[in-house]
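Worksheet: one structure, shown below.
The values are calculated or read from the model by the stated rules, or taken from the named source; none is laboratory data. Not measured: the values here are computed from a predicted model. Surface areas here come from the heavy atoms of the whole protein model, side chains and all, with no ligands, DNA or RNA. Shrake-Rupley method; radii C 1.70, N 1.55, O 1.52, S 1.80 Å.
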Amino acid sequence: TLTGTDIPQATTSARGTVQLMDSVTSTSTTLAATPKSVKTAYDLANTTQTNFNAHLNDYTDHVPYVADSGTANAKVVTLNPSPTTYIEGMAIAFKNGIQNTVAVTINVNGLGAKSILKSNGNAISNGNLKANSIYTIRYNGTNFILQGEGGEYGNATAGEVLAGRTIGTENGIVTG
């Protein structure tokens, strides 16, 4: 305190005395942050960024969407951020560019081609992946498994089914 001297309070446009505070959530324009509050805010931002980066890289709880850029039977996708390895449970939704003609592989971010199989473990058949359709696959530790694909179809043929009735086959619905 200086006797006989009047020092004004500081503002954002004028010099003066300033009160210090440790809050990291204040919106005050007249209180100054202490080094402790600045460090706390910095640490919080780094933790938040680390958590956000972990969230972005979590391909087991989140299903990223990407368009395929490969060929009919060798799909290629690029995820961002880029995974560094295949991990069990990894999921991907992709827009298929070209209808397949035989069994299919997928290469994610250059990590190496992995087979895409049906839920029963069989290879994808000719025409199972239609052009411009969206498919979801999940990695089982060895291969990607097509999700939401129907079950077994049996071995009945159209000639063995009553006329006018339909059956599901690998190639879609067939009328007997």
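Some observations on this one:
- For segment 93-176, share of DSSP beta bridges that run antiparallel, in % to the nearest 5: 90 percent
- Residue with peak Gaussian network fluctuation, the chain [Cα springs, cutoff 10 Å], from LYS118, LYS36, LYS130: LYS36
- Relative contact order for the chain: 13 percent, from Cα pairs under 8 Å spaced at least 6 residues apart, divided by residue count.
- Proximal lysines relative to LYS114, as straight alpha-carbon distance under 29 Å, when same-chain residues fewer than 8 apart are discounted: LYS75, LYS95, LYS130
- Secondary structure note: in the chain, about 55% of the DSSP beta bridges are antiparallel.
- Gain on full stretching of the segment that runs from ALA10 to LEU44 - 0.36 nm per residue minus C-alpha separation: 9.4 nm
- Solvent-accessible area per residue for the chain (1.4 angstrom probe, square angstrom): 64 Å²
- Choice from GLN19, GLN99, GLN147 with maximal GNM fluctuation in the chain (Cα, 10 Å cutoff): GLN19
- Relative to the dominant Cα principal axis of the chain, helix 35-56 is inclined by about 10°.
- In sequence order, segment 69-85 has phi-based couplings of 10, x, 9, 4, 10, 10, 6, 9, 9, 10, 8, 9, x, 7, x, 9, 7 Hz under the Karplus curve 6.51 cos²θ - 1.76 cosθ + 1.60, θ = phi - 60°, and Gly or Pro positions carry x.
- Residues considered: LEU129, LEU117, LEU31. Largest GNM mean-square fluctuation over the chain, using C-alpha springs under 10 Å, is found at LEU31.
- Under-5 Å amide H pairs with ILE145, H placed in peptide plane, nonlocal only: LEU117, ARG138, TYR139, ASN140
- Solvent-accessible area, 1.4 Å probe, carbon plus sulfur percent, for the chain: 53 percent
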